[in-house]
Amino acid sequence: MKKRKYYKLLKLGLFPYDILVCQGMELDEVRVYLERKYHLRTLDHEAWEPGRVGKTLHFGTNQTILWLKNAPTNPSGIATLAHEALHSVIQIYQTMGIPFNADNDEVVAYGVEYIVEQVLRDFRKQ
(Lines give C-alpha, C1' and ligand atoms only; values in the text may rest on other atoms or scores of the structure.)
Protein backbone atom coordinates (compact mmCIF):
# COMPACT_ATOMS: atom_id res chain seq x y z
CA MET A 1 0.00 0.00 0.00
CA LYS A 2 1.36 3.39 -1.00
CA LYS A 3 1.81 5.92 1.80
CA ARG A 4 -0.41 8.98 1.51
CA LYS A 5 1.49 12.23 1.31
CA TYR A 6 0.18 15.05 3.45
CA TYR A 7 0.85 18.75 3.08
CA LYS A 8 -0.83 21.47 5.08
CA LEU A 9 -0.05 25.15 5.41
CA LEU A 10 -0.90 26.19 8.96
CA LYS A 11 -1.63 29.87 9.31
CA LEU A 12 -0.72 31.06 12.78
CA GLY A 13 -3.13 33.99 12.70
CA LEU A 14 -1.59 36.24 15.33
CA PHE A 15 1.81 36.13 13.71
CA PRO A 16 2.78 36.82 10.09
CA TYR A 17 4.26 33.35 9.67
CA ASP A 18 2.96 30.04 8.44
CA ILE A 19 4.17 26.49 8.97
CA LEU A 20 4.20 24.01 6.12
CA VAL A 21 3.59 20.55 7.58
CA CYS A 22 4.79 17.68 5.37
CA GLN A 23 4.31 13.98 6.09
CA GLY A 24 4.44 10.72 4.18
CA MET A 25 7.67 11.11 2.25
CA GLU A 26 11.34 10.57 2.86
CA LEU A 27 13.37 13.57 3.95
CA ASP A 28 15.18 13.74 0.63
CA GLU A 29 11.80 13.93 -1.15
CA VAL A 30 10.91 16.91 1.05
CA ARG A 31 14.16 18.64 0.10
CA VAL A 32 13.40 18.20 -3.62
CA TYR A 33 9.78 19.30 -3.11
CA LEU A 34 10.87 22.47 -1.29
CA GLU A 35 13.45 23.32 -3.93
CA ARG A 36 11.02 22.83 -6.82
CA LYS A 37 7.82 24.29 -5.41
CA TYR A 38 9.08 27.01 -3.08
CA HIS A 39 12.66 27.57 -4.30
CA LEU A 40 13.84 27.06 -0.71
CA ARG A 41 17.35 25.75 -0.20
CA THR A 42 19.29 24.98 2.92
CA LEU A 43 23.04 24.78 3.27
CA ASP A 44 22.63 22.76 6.45
CA HIS A 45 23.52 19.32 5.07
CA GLU A 46 23.11 17.83 8.54
CA ALA A 47 19.41 18.71 8.31
CA TRP A 48 19.00 16.17 5.54
CA GLU A 49 20.83 13.22 7.08
CA PRO A 50 18.91 9.94 6.84
CA GLY A 51 17.39 8.15 9.79
CA ARG A 52 15.39 11.08 11.14
CA VAL A 53 11.68 10.75 11.93
CA GLY A 54 10.98 14.47 12.26
CA LYS A 55 12.66 17.76 11.43
CA THR A 56 11.86 21.45 11.63
CA LEU A 57 13.57 23.83 9.25
CA HIS A 58 13.33 27.61 9.43
CA PHE A 59 14.54 29.32 6.28
CA GLY A 60 15.88 32.83 5.74
CA THR A 61 12.57 33.60 4.02
CA ASN A 62 10.96 33.04 7.43
CA GLN A 63 9.16 29.98 6.09
CA THR A 64 9.02 27.13 8.60
CA ILE A 65 8.77 23.51 7.48
CA LEU A 66 7.70 20.81 9.92
CA TRP A 67 8.42 17.35 8.49
CA LEU A 68 7.19 14.05 9.91
CA LYS A 69 8.25 10.76 8.40
CA ASN A 70 5.30 8.91 9.91
CA ALA A 71 1.70 9.93 10.44
CA PRO A 72 0.93 11.13 13.97
CA THR A 73 -1.58 8.35 14.57
CA ASN A 74 0.07 6.61 17.53
CA PRO A 75 1.81 7.82 20.70
CA SER A 76 5.25 7.85 19.08
CA GLY A 77 4.04 9.84 16.06
CA ILE A 78 2.16 12.32 18.26
CA ALA A 79 5.25 12.76 20.44
CA THR A 80 7.36 13.52 17.34
CA LEU A 81 4.74 16.05 16.18
CA ALA A 82 4.78 17.80 19.59
CA HIS A 83 8.60 17.80 19.60
CA GLU A 84 8.79 19.40 16.16
CA ALA A 85 5.94 21.82 16.93
CA LEU A 86 7.98 23.15 19.86
CA HIS A 87 10.98 23.72 17.58
CA SER A 88 8.71 25.51 15.09
CA VAL A 89 7.23 27.87 17.68
CA ILE A 90 10.59 28.70 19.24
CA GLN A 91 12.17 29.41 15.83
CA ILE A 92 9.29 31.69 14.82
CA TYR A 93 9.39 33.55 18.14
CA GLN A 94 13.16 34.00 17.84
CA THR A 95 12.67 35.44 14.35
CA MET A 96 10.20 37.91 15.86
CA GLY A 97 12.64 38.82 18.65
CA ILE A 98 10.55 37.17 21.38
CA PRO A 99 12.82 35.38 23.86
CA PHE A 100 11.87 31.92 25.08
CA ASN A 101 11.93 31.79 28.86
CA ALA A 102 9.83 30.98 31.92
CA ASP A 103 8.07 34.36 31.70
CA ASN A 104 6.48 33.57 28.34
CA ASP A 105 6.25 29.80 28.33
CA GLU A 106 2.44 29.96 28.24
CA VAL A 107 2.38 31.65 24.83
CA VAL A 108 4.84 29.04 23.57
CA ALA A 109 2.64 26.25 24.98
CA TYR A 110 -0.40 27.70 23.21
CA GLY A 111 1.53 27.75 19.92
CA VAL A 112 2.51 24.10 20.30
CA GLU A 113 -1.04 23.18 21.29
CA TYR A 114 -2.45 24.93 18.21
CA ILE A 115 -0.09 23.16 15.80
CA VAL A 116 -0.65 19.72 17.32
CA GLU A 117 -4.43 20.18 17.40
CA GLN A 118 -4.63 21.34 13.78
CA VAL A 119 -2.53 18.48 12.43
CA LEU A 120 -4.25 15.79 14.53
CA ARG A 121 -7.67 17.10 13.50
CA ASP A 122 -6.74 16.47 9.86
CA PHE A 123 -5.47 12.96 10.55
CA ARG A 124 -8.59 12.01 12.46
CA LYS A 125 -10.69 12.96 9.41
CA GLN A 126 -8.80 10.49 7.19
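Excluding ligands, DNA and RNA, the accessible surface per residue across the chain is 60 Å² with a 1.4 Å probe. Computed over the alpha-carbon atoms, the chain gives an Rg to Rh ratio of 0.95, Rh here being the Kirkwood radius from the mean inverse distance.
At the residue level, His83 shows approximately 100 square angstrom of accessible surface with a 1.4 angstrom probe and all protein chains present. Projecting the Cα atoms of Asn101, Ile65, Leu34 onto the dipole axis of the chain, where Lys and Arg carry +1 and Asp and Glu carry -1 at the beta carbon, places Leu34 farthest toward the positive end.
Give me the base-10 log of I(q)/I(0) for the stretch 51-115 at each q in 0.15, 0.18 Å⁻¹, Debye formula, one uniform scatterer per Cα, rounded to two decimals. Evaluating at q = 0.15, 0.18 Å⁻¹ gives log10 I(q)/I(0) of -0.48, -0.67. FRET efficiency for the Asp103 to Asn62 pair, using the beta carbon distance and R₀ = 22 Å, is estimated at 0.35. This model, with +1 at the C-beta of Lys and Arg and -1 at the C-beta of Asp and Glu, gives the chain a dipole about its Cα centre of some 820 debye. Scalar couplings 3J(HN,Hα) for the stretch 75-83, obtained by applying the Karplus form with A = 6.51, B = -1.76, C = 1.60 to θ = phi - 60°, are x, 5, x, 5, 5, 5, 4, 4, 4 Hz; x denotes Gly and Pro.
The values are calculated or read from the model by the stated rules, or taken from the named source; none is laboratory data. Being a predicted model, the structure only gives us computed values, none of them experimental. Backbone-built Cβ (ideal geometry, glycine too); neighbour counts: all protein chains shown. Accessible surface areas use protein heavy atoms only, side chains included; no ligands, DNA or RNA. Shrake-Rupley method; radii C 1.70, N 1.55, O 1.52, S 1.80 Å.
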